[in-house]
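The values are calculated or read from the model by the stated rules, or taken from the named source; none is laboratory data. Only a predicted model underlies this, so the values are computations on that prediction, with no experimental measurement involved. All Cβ positions, glycine included, derive from the backbone under ideal geometry; neighbour counts span all protein chains shown.
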Amino acid sequence: MLIDDNKIDLFVNQRILEKYNPNVKTRVFNNAISAISFFKLMELNANIKSVAIPDVILLDVNMPEMNGFNFFEEFKQLNFMNTRTIEIYMVSSSMCPDDINKARNEPYCAGYITKPLTVNKLKKVLQKSVNIEQHEPFKKII
Amino acid sequence: MSKELEYTNSNIQEKALLASLDSHLIVAISDAVGRIIYQNENFTKILNVPRNSTIGQANHLLNALIQSKTVFWEIWKAILAGETWRGILFHKSDNGKSHWLDTTIEPVKNEEGQVIKYITVGSDITNYYCNNTSKNSIQCQEKRLIENFTDDVLYINKYGKIINTSKSAINNSYNSIIGLYIYDFVNPVNHDYIKNQVEKVFTKGKVCKYQSMGLSEKGNQVFFISKLKPVFNLDNEIIYATIKSKKLKNSAKATSQLKAIETKYSNIFQSINVGILVVANSVGNIIEWNKGAELAFGYSSSEIIGEPLTVLISKNQVDTGVKELLKAKDKLDNDTYGDNIEMLGLRKNGEEFPVEFAMSNWQNGKEKFYCAFMLDISKRKKLEEKLKKTTKDLELFLYRSAHDLKAPLTSAEGLLHLLKEEKLNNRTTLLVNMLDETLEKGRLLLDDLAFASIISEKRRDITMIDFDEKINKALVALNGIKNFDNIKFEVAINQRADFYFNQELIDSIVQNLIHNTVCFAKPETNNIIPTTCIQINVSDTHAFITVSDNGLGIHEDHIDKVFDLYFKASTVHTEGTGLGLYIVKRIAEDFNGSVRVTSKLNEGTTFEVQLPNLKEGNVNND
């Protein structure tokens, strides 16, 4: 799942993902609110849960209305989090240490990737996380 | 016969007379040159000398009797002229007893009119005289101001000793002041000035005047003009000087002048916008209040006069405020220049506002007065606050702008990456690569800019620095920039104490300095191996980071510009953003450190950065 308000970034990230692995299914949201709505909808409809719930979320930090960190606040309220672990990576052009520290302190945040996203960066992030179920340390990919 | 009888008679009479006088009076007869040829018992008693020791001694009589030279001179003048002198003499004998003698000195002449003998007759009037003068002596002990002898003339010698007074003073029994110094009667403040005046009179023979202020018996201020006048003898030598003091109060002219001055100052005082208030020492109450103070505090003068100063100080600050005031007062009392005091003032309507007092003081009689010039600094404070906030806002704005500008750049970079994957012909590949470089540069610039804008924010986050790690990290980070692999690095760290600073700022300094040496290194040749030396010395108080290279060096013309914003020394070596050294300088200066650069063209450059150790205890809270 990709969440970014910038359509170009969204497009680029999607293409990079396809390059990384053409078989990856992606779902894109151009704002965090609709992503949260999507999750809420799934909570109500238990049947499609297992299929639609993403393995990985790439979350932009700076977004209007609800930014990446606000997203986490909402995300915590969801119930199905107890059963499954979704790896959420923050993606940002910001190299501001404050943002990175904030992400590090966010328990649901698995890592921080700086833009632009590249195939190599994706590899670093995803190679392990797809296969190994155990909790991994925070990843900072620049 | 009859003549003889007459002689005998007169002789007998004379003898009887002498005998009776002898028992009552002090009698001495001296010859023409002043040698004592006769003295009676009273004389020796009073002079407390053995009967025979004085006989034949020249002038001993006068010397013994006349302790004041002026009087001596006066007497000498009189008897030389063949006149009789009469006056009161004071004698203090060796055993400490004082005697006042009503004395007559009479010359005895021969037929030719020449003086052959002097008869000195004195009567001891000590008992009577002392009773009469004791009051005056007490007054003398109180050190009455010389100005009080307003109608009298005082005679002084060059040391300021009073050697005689005018007749009226004698009649008023001020004799007791003879032998004292005029300084005993003058306000100590004026001592130096008067001393100078006295000296002037005696050395230059000029008439001098001085003005002084005293208090009358009722406590009013009285102004005096005293005139010092030298008195010459026949040889044109100054023998003594006279002082005559006049009360200025009687002079209409002086009064009107004074009044004019007073009106002038009181007008200034009242109309000036700067608040001024005067406090009397004894009670701490306000005794003067002007318009400026009224405007600032809201009290009219009738409301505030007589109130204690503390009503003007914010309730929360009364304790500290009073302490500050007392401190300032002590300073003033010790004749040091008082500090300005900043405190929170309290308006009549309860508002508080920052205020600054400049203190001064003066003394009038026994009472000390303190004057506070009040400056309302609320505007200044407000401006200071505003400036601080504006600076912060600006920094934040710069930071945010840099960030937001970066977002589209990174998007473009992302697109470019995709573009590279497409099938491109040679020409488009070239363009794409150039575009890539341009975007990269823009991104670096914005990163630096964002970093520079939040330097001052970083001071909150201080931790221990491991320089070894910092340098390795910097070398790793810089690995990959052009030229890097050709450079030989020599690192020397001499750390005697733990060093505390902000991690990122140290990263930035080290990286920027090293980056700089890499950018301006010479190409490797057989003779030259481009080398960068990094030396770090850490002491308890400071860290010295020295980075030197054997690179291209900086031209003299440019050396003072290297730390400027966006300054780039050469157009050939376009690596870097022009912000690196600016950031280094900003960091050093923000933390009260320093940067220095020395360079020789074609030989190399050395940067020295000095940073304070922000260890706990060293930290200053500003």
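Modelled with pLDDT of 85 or more and either of a type in the set (S, T, N, Q) or surrounded by 15 or more Cβ atoms within 10 Å (Cβ to Cβ) (or both), is that true of residue B:387?
In short, no.
Within the range B:564-576, is even one residue modelled with pLDDT under 85, within 46 Å of the chain's Cα centre (by Cα) and either of a type in the set (Lys, Arg) or assigned by TED's automatic domain parsing to the domain that holds residue B:498 (or both)? Write out each step before concluding.
First pass over the range B:564-576, keeping only residues modelled with pLDDT under 85: B:564-576.
After this cut, where a residue has to be within 46 Å of the chain's Cα centre (by Cα) as well, the list is B:564-565.
Of the ones still in play, those that are also either of a type in the set (Lys, Arg) or assigned by TED's automatic domain parsing to the domain that holds residue B:498 (or both) are B:564-565.
Within the range B:564-576, one or more residues are modelled with pLDDT under 85, within 46 Å of the chain's Cα centre (by Cα) and either of a type in the set (Lys, Arg) or assigned by TED's automatic domain parsing to the domain that holds residue B:498 (or both).
Counting just the residues of the range A:110-141 that are at pLDDT below 75 and in a helix (DSSP H, G or I), which one comes out nearest to residue B:403 (Cα to Cα)?
Of the residues in the range A:110-141, the ones at pLDDT below 75 are A:126-141.
Those still in the list that are in a helix (DSSP H, G or I) too: A:126-131.
Working: A:126: 27, A:127: 30, A:128: 31, A:129: 30, A:130: 32, A:131: 35 Å.
Here the residue is A:126.
How many of the residues in the range B:426-450 are within 30 Å of residue B:394 (Cβ to Cβ), acidic (Asp, Glu) and more than 9 Å from every other protein chain (Cβ to nearest Cβ)? Break it down into steps so the answer makes sense when it comes.
Residues of the range B:426-450 within 30 Å of residue B:394 (Cβ to Cβ): B:438-450.
Narrowing the set further to residues that are acidic (Asp, Glu) leaves B:440, B:447-448.
Next cut, more than 9 Å from every other protein chain (Cβ to nearest Cβ) only: B:440, B:448.
So the answer is 2.
Determine which member of the set B:559, B:493, B:528 is under 13 Å from residue B:465 (Cα atoms) and either out of contact with any Cys (no Cβ under 8 Å at 6 or more places or on another chain) or hydroxyl-bearing (Ser, Thr, Tyr) (or both).
Just one listed residue meets the conditions, B:493.
Within the range B:524-543, how many residues are of a type outside the set (S, T, N, Q) and crowded, with 16+ Cβ neighbours inside 10 Å?
Keep residues of the range B:524-543 that are of a type outside the set (S, T, N, Q), which gives B:524, B:528-530, B:533-534, B:536, B:538, B:540, B:542-543.
Remaining after also requiring crowded, with 16+ Cβ neighbours inside 10 Å: B:530, B:533-534, B:536, B:538, B:542-543.
Here the count works out to 7.
Considering only the range B:486-519, how many residues are of a type outside the set (D, E, K, R), surrounded by 14 or more Cβ atoms within 10 Å (Cβ to Cβ) and in a helix (DSSP H, G or I)? Spell out the reasoning first.
Within the range B:486-519, the subset of a type outside the set (D, E, K, R) is B:486-487, B:489, B:491-495, B:497, B:499-503, B:505-506, B:508-519.
Filter once more, keeping what is surrounded by 14 or more Cβ atoms within 10 Å (Cβ to Cβ): B:487, B:489, B:491, B:493, B:495, B:499-503, B:505-506, B:508-519.
Going one step further and asking which of them are in a helix (DSSP H, G or I), we end up with B:503, B:505-506, B:508-519.
Number satisfying all stated conditions: 15.
Hey, among B:381, B:389, B:423, which residue is more than 10 Å from chain A (Cβ to nearest Cβ) and more than 30 Å from residue B:312 (Cβ to Cβ)? Break it down into steps so the answer makes sense when it comes.
Details: B:381 fails: more than 30 Å from residue B:312 (Cβ to Cβ); B:389 fails: more than 30 Å from residue B:312 (Cβ to Cβ).
On inspection, the qualifying residue turns out to be B:423.
Just name the residue that is nearest to the other protein chains (Cβ to nearest Cβ) out of those in the range A:92-109 that are within 24 Å of residue B:458 (Cα to Cα) and not in a helix (DSSP H, G or I).
Within the range A:92-109, the first condition is being within 24 Å of residue B:458 (Cα to Cα), and the residues that meet it are A:92-106.
Those left that are additionally not in a helix (DSSP H, G or I): A:92-96, A:106.
Details: A:92: 9, A:93: 4, A:94: 6, A:95: 6, A:96: 7, A:106: 19 Å.
Among them, the one singled out is A:93.
Given the conditions (1) within 12 Å of chain A (Cβ to nearest Cβ); (2) in contact with a helix residue (DSSP H, G or I) (Cβ under 7 Å, 6 or more places away or on another chain), and given that residue B:474 satisfies all but one, which numbered condition is not satisfied?
(1)
Which of the residues that make up the range B:495-546 are of a type in the set (Lys, Arg) and under 45 Å from the mean Cα position of the chain (by Cα)? Full working, then the answer.
Let us first name the residues in the range B:495-546 that are of a type in the set (Lys, Arg), namely B:496, B:522.
Result: B:496, single match.
Given the criteria modelled with pLDDT of 60 or more and touching a Gly at 6+ places or on another chain (Cβ under 6 Å), does residue B:35 qualify? Before you say what the answer is, go through the steps one by one.
Numbers: modelled with pLDDT of 60 or more: yes; touching a Gly at 6+ places or on another chain (Cβ under 6 Å): yes.
It is true that residue B:35 is modelled with pLDDT of 60 or more and touching a Gly at 6+ places or on another chain (Cβ under 6 Å).
Look at residue B:581 and say whether it is within 14 Å of chain A (Cβ to nearest Cβ), part of a helix (DSSP H, G or I) and within 28 Å of residue B:442 (Cβ to Cβ).
Details: within 14 Å of chain A (Cβ to nearest Cβ): no; part of a helix (DSSP H, G or I): yes; within 28 Å of residue B:442 (Cβ to Cβ): yes.
Against the criterion (within 14 Å of chain A (Cβ to nearest Cβ), part of a helix (DSSP H, G or I) and within 28 Å of residue B:442 (Cβ to Cβ)), residue B:581 does not qualify.
Going residue by residue through the range B:90-111, is there one that turns out to be closer than 18 Å to residue B:77 by Cα, modelled with pLDDT of 65 or more and aromatic (Phe, Trp, Tyr)? Break it down into steps so the answer makes sense when it comes.
As a first pass, look at the range B:90-111 and keep what is closer than 18 Å to residue B:77 by Cα: B:103-109.
From what is left, the residues that are modelled with pLDDT of 65 or more are B:103-109.
Of the ones still in play, those that are also aromatic (Phe, Trp, Tyr) are none.
Checking the range B:90-111: not a single residue is closer than 18 Å to residue B:77 by Cα, modelled with pLDDT of 65 or more and aromatic (Phe, Trp, Tyr).
Part of a helix (DSSP H, G or I) and touching a residue at least 60 places away in the same chain (Cβ under 8 Å): is that true of residue B:448 in this structure?
Details: part of a helix (DSSP H, G or I): yes; touching a residue at least 60 places away in the same chain (Cβ under 8 Å): yes.
Criteria met by residue B:448.
For the range B:459-470, name all the residues that are of a type outside the set (A, V, I, L, M) and assigned to a loop (DSSP other than H, G, I, E, B). Before you say what the answer is, go through the steps one by one.
Residues of the range B:459-470 of a type outside the set (A, V, I, L, M): B:459-461, B:463, B:466-470.
If the condition is that a residue be of a type outside the set (A, V, I, L, M) and assigned to a loop (DSSP other than H, G, I, E, B), then B:461, B:466 are the ones that fit.
How many residues does the range A:6-45 hold that are within 26 Å of residue B:404 (Cβ to Cβ), more than 14 Å from chain B (Cβ to nearest Cβ) and part of a loop (DSSP other than H, G, I, E, B)?
Keep residues of the range A:6-45 that are within 26 Å of residue B:404 (Cβ to Cβ), which gives A:6-17, A:28-36.
Checking which are more than 14 Å from chain B (Cβ to nearest Cβ) leaves us with A:28-29, A:31-36.
Applying the additional criterion that residues be part of a loop (DSSP other than H, G, I, E, B) yields A:31.
Residues that pass the stated criteria total 1.
Name the residue, out of B:473, B:522, that is of a type in the set (D, E, K, R) and either farther than 21 Å from residue A:97 by Cβ or not in a helix (DSSP H, G or I) (or both).
Numbers: B:473 fails: either farther than 21 Å from residue A:97 by Cβ or not in a helix (DSSP H, G or I) (or both).
The unique qualifying residue is B:522.
Within the set of pairs 6+ apart or on separate chains, which have a first residue in the range B:187-199 that is assigned by TED's automatic domain parsing to the domain that holds residue B:227 and over 14 Å from residue B:243 (Cα atoms), a second that is modelled with pLDDT under 75 and in a helix (DSSP H, G or I), and C-beta atoms under 6 Å apart?
Matching pairs, first to second residue: B:191/B:183.
Can you find a residue that is surrounded by fewer than 18 Cβ atoms within 10 Å (Cβ to Cβ), within 14 Å of chain B (Cβ to nearest Cβ) and over 30 Å from residue B:505 (Cα atoms) anywhere in the range A:70-89?
Taking the range A:70-89 as the starting set, the residues that turn out to be surrounded by fewer than 18 Cβ atoms within 10 Å (Cβ to Cβ) are A:70, A:73-74, A:76-86.
With within 14 Å of chain B (Cβ to nearest Cβ) added as a condition, the list becomes none.
Scanning the range A:70-89, I find no residue that is surrounded by fewer than 18 Cβ atoms within 10 Å (Cβ to Cβ), within 14 Å of chain B (Cβ to nearest Cβ) and over 30 Å from residue B:505 (Cα atoms), so the answer is no.
Out of all the residues in the range B:397-411, which are among the aliphatic types (A, V, I, L, M) and either within 7 Å of chain A (Cβ to nearest Cβ) or closer than 15 Å to residue A:114 by Cβ (or both)? If you could, list the steps in order and put the result at the bottom.
First, pick out the residues of the range B:397-411 that are among the aliphatic types (A, V, I, L, M): B:398, B:402, B:405, B:407, B:409.
The answer is B:402, B:407, B:409.
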